[in-house]
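K.L.:
Let me give you the structure first, and then I'll get to my questions.
The values are calculated or read from the model by the stated rules, or taken from the named source; none is laboratory data. Predicted model, so just to flag it, every value in this text is computed and none were measured. Reconstructed Cβ throughout: ideal geometry from the backbone, glycine too, with neighbour counts over all protein chains shown. For accessibility, only protein heavy atoms count, side chains too; no ligands or nucleic acids. Shrake-Rupley method; radii C 1.70, N 1.55, O 1.52, S 1.80 Å.
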Amino acid sequence: MTYMGTSPTRPDAAAKATGRAEYISDAVRPGMLHGAIRFSEHAHARILRIDTSKAERIPGVRAVITAENTPEVRLGFLRDNLALKKGKVRQFRDEIAAVAAIDPDIAAEAAAAIEVEYEPLPAVFDPIEALAEGAPLVHDVDPRGRPVTSNLMPVHFRHFSGDVEKARAASAYVAEGEWSTPLIQQTCMGTAGCIAEFDPQMNLTVWAKTQIPFLAQRDFNGALAQMGLRNKNARVIVPALGGGFGTGLDTHCYEYISILLAWKTGKPVKVQYNRDQEFAYLSPRQSATVRMAQGCDRDGRLTFRHVHVVQDNGAYGSWGATYPSVMLLPATSLYRVPNIYFDCELVYTNNTYAQAMRGYGNPELTFALESNLDQLAEEAGIDAAQLRLINCNEPNEVTPMGLKVATCGLRECLEQTAERLDWDNKRGAPDGTARGVGMASLIHVGGSGRIYRSDASGVILRFDDWGNLYLSSGGVEMGQGLHSSLQIVAADAIGVAPDRVFINQTDTSTCPWDVGTHASRGAFTACNALLMGATKLRDKVFRAAVELYPQLVEEALRKQRKRDPDAPAPSFDWRSRIDADAFDLREGQVFLSNTDDPVLRVDLGKLIRAAHFRDGGGQMFTVEAFYDPPSELPDWEQGQGNMSACYTFGTQGVEVEVDTDTGDVRILKMAAVLDVGKVINPQILRGQTIGALAQGVGYALYEEVKTERGRILNPNFTDYKIPTAVEMDFPIELEFVETDEPTGPYGAKGIGEPGLVPTAPAIANAIADAVGVRIHDLPITPEKLLAALRAKNEEAT
Amino acid sequence: MHPLPYHRPTSLEAALELKASLPGARFIAGGTDVMVRLKGGAPRPSALISLRGIAELTRSEVAQSARLGAAASVADLLAIDALREGWPVLADAMNQMASPQIRSSATLGGNLCNAAPCADSAPALLVHGARVVLRGPQGERVLALEEFFAEPGVTRMGADELLMSIDVDPPEPGLQTTFLKKKRVAMDIAIASVAAGLVMNDGICTHVRFAAGSVAPVPMRLPATEAALCGHPPTDARIAEARRIAEEEVSPITDIRGGADYRRRIIGVYVERATRALAARFEGSE
Ligand SMILES: Cc1cc2nc3c(=O)[nH]c(=O)nc-3n(C[C@H](O)[C@H](O)[C@H](O)COP(=O)(O)OP(=O)(O)OC[C@H]3O[C@@H](n4cnc5c(N)ncnc54)[C@H](O)[C@@H]3O)c2cc1C
């Protein structure tokens, strides 16, 4: 292999560095109008009257829509959301009306001129209160109009194995507690937006900032049907994405609104959020509360794990409501635990509704699990690293959830992390400073995650007449480097130079189906599909070579003799019949694998042209392949099933120093060791991991969408703080363990999400080691930490 | 945003005339407060009058004393060696403002006229007893900076006046200073800040200045805290007393950035830290 493990310049680098990449915010269509949305001013209220007359009179306004003058468009996997709300609003950002106008300012002015009269209703903002008897109902009827009696969402994820009560009674040591994680924003550099446009046949094209172009096509086709546009099709085109982080996993009200506005006006309509709107009107990551108890025997072997999760979903369901599907992974399968109880309650409230974000439930659960494990280690008087090693997952094991773990480098990750942190000398050291070290591990899907019937990715490969490879994939490049991985794997698997691999824009009309770029699956599934396609394509080339190679070599020799009459004849008889499997293709040259005679090398483009223009019928070199990983759709009620083809493991370690007067936490060092199966592009892998660590640091220490009775108080970067280069200015030691996963493309596992999963508990554990107090709710702000330190000191005196 | 009438006068007189003739107009210098507010939906002025084209306002003179042009950018001021050397606490405070990008646009005058409790330059200037020079149709007048701030977002500058310069006297002989700022991340406005100045003679604090930001409606001096130390050696007991007084002397509020109790606590910690750090600088020399 020539390119695996190297970092050729990524294909999108120059365009992005020079500002030429076209993001949705850059996109313009001829005759395009601009949409603006009027959002609710109440968390829960009946809509009594909407008066759009003033807005309609504003010059430049082309349409004003409400639920009254448009067909009902339902969305969400629970069908509990409407593009334009009818009857009542359930959260501050509910869409009540929208405007299309000739420029964004007029649209905004007109949206503001719409008058809405409300009757406020009692609202509920705390998920526990929402579950209490008599709590206001966020949805009083289900999508079919049947009465609903509780705010519990009709979604269940459970797992029970062994006998937890018995195991708890028999445990030598038990630790338990409650942990909570905040609403946080994905803070994509590129904010959300879309353009919807109908052609004269009323087929729709949507330029969408999405990670799921094909599921979006299905959703938009559903909307067309609801609008009475039968037998029409939606085409989804994906522009350059300035980050996705889960925000593109669902289709959004603003997209349906631009479709409705385009339909009303007959013009392309763009809805583009600015930063403030992104903060206020795009769904953040769920907040969750996790009750966790774990026990061990005298030797530190885990005996049971008891987990109960309450997740505040806000007013509607997004795919993010299925976080517990991924929470099940660490809950059942991080470290070896024989007896497990996992249950969760997903609750509707009048808070902003939440959606997916990188890690998908895993960071929430792992924060509780790994914090609790440190407490258990302390209870049992066992070193926290040792406790993890005693219970470490090993290769070729089947976990209680039925995860079939083939490769597993967790032991090495733990050992390496401890070594890099100088754990044995630093952990628990009473050195008179407020310094400490902590660690935490992770398990995540490494071979895609099956949460849908198909977990597949398709690929179409095509050579043009010049031996350039055109690759169409349904996978979405959102900055994570998917296109670089495709180039590298294509170059090695097919035998062309990486810069001869051109990746087509993701477009449902030209690209093959892909379930979506989530679950760290992009490179894993797309590269696996690519490997299948590569075999087919090479086979096509070599079968053409069987017929055409002799004549091409003949020509080459003729030319060579012209230049140099004394050139020696090739050592090999090229005129004899050669089998297809005798050929090889490397760097765009077709040759015989058993000779390195340069005259016997034929340019791939020449061979393709010869095949194309052959007398009596030419041919093309196009193949497709479809890869669906060897995994199972779990039974969620039982929490059973091998949801991924393989699993990614890792450990992170942190050294911190706490300022005990101010509560400030300074990170002195981080170590991250990740079992990645195999490194495809080291530069991108480092970038993905360090970026994820920074997100993990933000989650641990800074980030929180603050709300007051459902209203977001900090919808801006002035008061929503994310780490910058200054906060990340400490040594980071990265180490990649290569376990060569058999199901992975060239042995690689998915690594998109895992880097942020264990960061927060590693930091929390390091702080506890430094100063003996443990913060149970993220973010660990100086204010919280100082209050905890003072409480501890008061207790001591 | 709809376009807003924008004027860029090149003389003080023209600027003042425009201001008088355009009711509801607002001055703009670096725009790093004005534009953020406008985008955030603040009431729109009728016009913007830029002060960046007026040479008198962007020029600074720094020698024994300093006259700092109100419309000079923070980055330009930070580039003046004599300013960094003579008034290091001001340089420290300006260096902790925002980011390099913002500092290259933001002005010192804008920071003060914006009258935010968190204006970082204010505590440092208060420690030096700075004065502001205002200019209106009636001519110039000078105010102590302490008198300049009225309430959050409001100064004692008249609607027909503008800020010309900030004047700072030569530092007290032997003055040692420091600026401590509590923020959530590197680029953040202060949750609480303390600027301190100290002169010690024969082990006694003979000149003490404390000023604090983000812990009262306006940036403030801490006279009671100063009095607790002035005339005394900085013993543990004295410092503890100063710290206690400082915590009482401020009147912070709880907002999204931090709680009132926490802010008080930080002021106490910073008064103690500043005093110890500054006192230590006198140790070798005596
Ligand atoms: C991202 C970001 C980070 C920031 N971080 C900090 C920080 O850490 N610390 C801090 O203190 N500030 C911070 N700020 C606020 C701001 O940058 C400063 O207050 C800056 O000094 C304002 O100066 P300006 O020239 O941009 O003011 P402008 O926005 O131009 O004006 C501010 C106000 O002063 C008035 N004005 C300006 N000059 C005059 C004059 N000569 N006469 C009369 N009126 C005048 C204007 O009419 C306006 O009301 C930050 C701002 C941003 C956007």
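K.L.:
Within the stretch B:50-66, can one find any residue that is away from chain A (no Cβ under 14 Å) and closer than 30 Å to A:A108 by Cα?
P.N.:
Yes, there is a match, as at least one residue in the stretch B:50-66 is away from chain A (no Cβ under 14 Å) and closer than 30 Å to A:A108 by Cα.
K.L.:
Grab the strands (runs of 3 or more DSSP E) fully contained in the stretch B:85-172, keeping just those with 1 or more residues being open to solvent by less than 60 Å² (accessible area, probe 1.4 Å) and within 11 Å of the ligand (Cβ to nearest atom).
P.N.:
Once the strands (runs of 3 or more DSSP E) in the stretch B:85-172 are filtered for at least 1 residues that are open to solvent by less than 60 Å² (accessible area, probe 1.4 Å) and within 11 Å of the ligand (Cβ to nearest atom), what remains is B:131-136, B:162-168.
K.L.:
Show me the strands (runs of 3 or more DSSP E) entirely contained within the stretch A:83-174 in which 2 or more residues are in contact with a helix residue (DSSP H, G or I) (Cβ under 8 Å, 6 or more places away or on another chain) and open to solvent by less than 40 Å² (accessible area, probe 1.4 Å). Walk me through it before giving the result.
P.N.:
On the way: elements: A:95-101, A:115-120, A:158-161.
Correct list: A:95-101, A:158-161.
K.L.:
Within the set of pairs 6+ apart or on separate chains, which have a first residue in the stretch B:1-24 that is within 14 Å of chain A (Cβ to nearest Cβ), a second that is open to solvent by 80 Å² or more (accessible area, probe 1.4 Å) and assigned to a loop (DSSP other than H, G, I, E, B), and C-beta atoms under 8 Å apart?
P.N.:
Within 8 Å, the pairs are B:L4/B:R44.
K.L.:
Also, quick follow-up: State the number of residues belonging to the stretch A:175-212 that are over 29 Å from A:L365 (Cβ atoms), outside any loop (DSSP other than H, G, I, E, B) and more than 18 Å from the chain's Cα centre (by Cα).
P.N.:
The total comes to 10.
K.L.:
So is B:L78 more than 11 Å from the ligand (Cβ to nearest atom) and touching a His at 6+ places or on another chain (Cβ under 6 Å) or not?
P.N.:
So B:L78 does not fit the description; no.
K.L.:
Considering only the stretch A:175-185, how many residues are polar (S, T, N, Q) and either in the same structural domain as A:A356 (by TED's automatic domain parsing) or buried (at least 21 other Cβ atoms within 10 Å of the Cβ) (or both)?
P.N.:
Counting residues in the stretch A:175-185 that are polar (S, T, N, Q) and either in the same structural domain as A:A356 (by TED's automatic domain parsing) or buried (at least 21 other Cβ atoms within 10 Å of the Cβ) (or both) gives 2.
K.L.:
Right, A:F730: open to solvent by less than 30 Å² (accessible area, probe 1.4 Å) and within 14 Å of another protein chain (Cβ to nearest Cβ) or not?
P.N.:
It is true that A:F730 is open to solvent by less than 30 Å² (accessible area, probe 1.4 Å) and within 14 Å of another protein chain (Cβ to nearest Cβ).
K.L.:
What are the residues in the stretch B:177-187 that are within 20 Å of B:V218 (Cα to Cα) and within 11 Å of the ligand (Cβ to nearest atom), if any?
P.N.:
B:K181, B:K183
K.L.:
Can you find a residue that is touching a Ser or Thr at 6+ places or on another chain (Cβ under 9 Å), within 14 Å of chain A (Cβ to nearest Cβ) and open to solvent by 60 Å² or more (accessible area, probe 1.4 Å) anywhere in the stretch B:175-187?
P.N.:
Yes: the stretch B:175-187 contains one or more residues that are touching a Ser or Thr at 6+ places or on another chain (Cβ under 9 Å), within 14 Å of chain A (Cβ to nearest Cβ) and open to solvent by 60 Å² or more (accessible area, probe 1.4 Å).
K.L.:
Could you tell me whether any residue of the stretch B:234-244 is among the hydroxyl-bearing types (S, T, Y) and free of Cβ contacts under 8 Å to residues at least 24 places away in the same chain?
P.N.:
Taking the stretch B:234-244 as the starting set, the residues that turn out to be among the hydroxyl-bearing types (S, T, Y) are B:235.
With the extra rule that they be free of Cβ contacts under 8 Å to residues at least 24 places away in the same chain, the set shrinks to B:235.
Within the stretch B:234-244, one or more residues are among the hydroxyl-bearing types (S, T, Y) and free of Cβ contacts under 8 Å to residues at least 24 places away in the same chain.
K.L.:
Against the condition under 26 Å from B:A274 (Cα atoms), within 11 Å of the ligand (Cβ to nearest atom), among the aliphatic types (A, V, I, L, M) and free of Cβ contacts under 8 Å to residues at least 12 places away in the same chain, how does B:A190 come out, does it pass? If you could, list the steps in order and put the result at the bottom.
P.N.:
Working: under 26 Å from B:A274 (Cα atoms): yes; within 11 Å of the ligand (Cβ to nearest atom): yes; among the aliphatic types (A, V, I, L, M): yes; free of Cβ contacts under 8 Å to residues at least 12 places away in the same chain: no.
Taking the combined requirement at face value, the residue does not satisfy it.
K.L.:
Please determine whether any residue of the stretch B:205-226 is at pLDDT 95 or above, open to solvent by less than 10 Å² (accessible area, probe 1.4 Å) and within 14 Å of chain A (Cβ to nearest Cβ).
P.N.:
no
K.L.:
Going through the stretch B:25-40 one residue at a time, which ones are free of Cβ contacts under 8 Å to residues at least 12 places away in the same chain and more than 6 Å from the ligand (Cβ to nearest atom)?
P.N.:
Hits for the stretch B:25-40 are B:M35, B:R37, B:G40.
K.L.:
Further question: In this structure, is A:F77 surrounded by 19 or more Cβ atoms within 10 Å (Cβ to Cβ) and either in a loop (DSSP other than H, G, I, E, B) or in contact (Cβ under 8 Å) with a residue 12 or more places away in the chain (or both)?
P.N.:
So A:F77 does not fit the description; no.
K.L.:
Please give the number of the condition B:E61 fails out of (1) farther than 30 Å from B:A20 by Cβ; (2) free of Cβ contacts under 8 Å to residues at least 12 places away in the same chain; (3) in contact with a strand residue (DSSP E or B) (Cβ under 8 Å, 6 or more places away or on another chain).
P.N.:
(1)
K.L.:
Return the only residue of A:E794, A:E783 being open to solvent by 50 Å² or more (accessible area, probe 1.4 Å), more than 13 Å from every other protein chain (Cβ to nearest Cβ) and over 26 Å from the mean Cα position of the chain (by Cα).
P.N.:
Answer to the selection: A:E794.
K.L.:
Could you say whether any residue in the stretch A:188-195 is surrounded by fewer than 20 Cβ atoms within 10 Å (Cβ to Cβ), over 30 Å from A:V773 (Cα atoms) and touching a Gly at 6+ places or on another chain (Cβ under 7 Å)?
P.N.:
Yes, that holds for at least one residue.
K.L.:
Let me ask something else about it. Does A:A27 meet the test of being within 26 Å of A:L137 (Cβ to Cβ) and in the same structural domain as A:K264 (by TED's automatic domain parsing)?
P.N.:
no
K.L.:
Answer yes or no: is there a residue in the stretch A:756-776 that is within 14 Å of chain B (Cβ to nearest Cβ), within 19 Å of A:T289 (Cα to Cα) and surrounded by fewer than 24 Cβ atoms within 10 Å (Cβ to Cβ).
P.N.:
no
K.L.:
Still on this structure, please answer the following. Run down A:A110, A:A98 and say which single residue is of a type outside the set (V, I, T) and within 14 Å of another protein chain (Cβ to nearest Cβ).
P.N.:
A:A110
This table checks each residue for (1) closer than 30 Å to A:R90 by Cα; (2) of a type outside the set (G, A, S); (3) within 14 Å of chain B (Cβ to nearest Cβ); (4) surrounded by fewer than 17 Cβ atoms within 10 Å (Cβ to Cβ).
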site: A:L674; (1), (2), (3), (4): no, yes, no, no
site: A:Q683; (1), (2), (3), (4): no, yes, no, yes
site: A:L701; (1), (2), (3), (4): no, yes, yes, no
site: A:K721; (1), (2), (3), (4): yes, yes, yes, no
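K.L.:
Sticking with this structure for a sec: Of the residues A:S448, A:S509, only one is closer than 30 Å to A:T366 by Cβ, among the polar types (S, T, N, Q) and in contact with a Lys or Arg (Cβ under 8 Å, 6 or more places away or on another chain); which?
P.N.:
Criteria check complete, one pass: A:S448.
K.L.:
Return the residues of the stretch B:256-280 that are more than 9 Å from chain A (Cβ to nearest Cβ) and over 21 Å from the mean Cα position of the chain (by Cα); say none if nothing qualifies.
P.N.:
B:A260, B:R276, B:A277, B:A279, B:A280, listed by residue number.
K.L.:
Do you know which of the residues in the stretch B:45-67 that are away from the ligand (no atom under 11 Å from the Cβ) and either in a strand (DSSP E or B) or touching a His at 6+ places or on another chain (Cβ under 8 Å) (or both) is most open to solvent (accessible area, probe 1.4 Å)?
P.N.:
The residue in question is B:E61.
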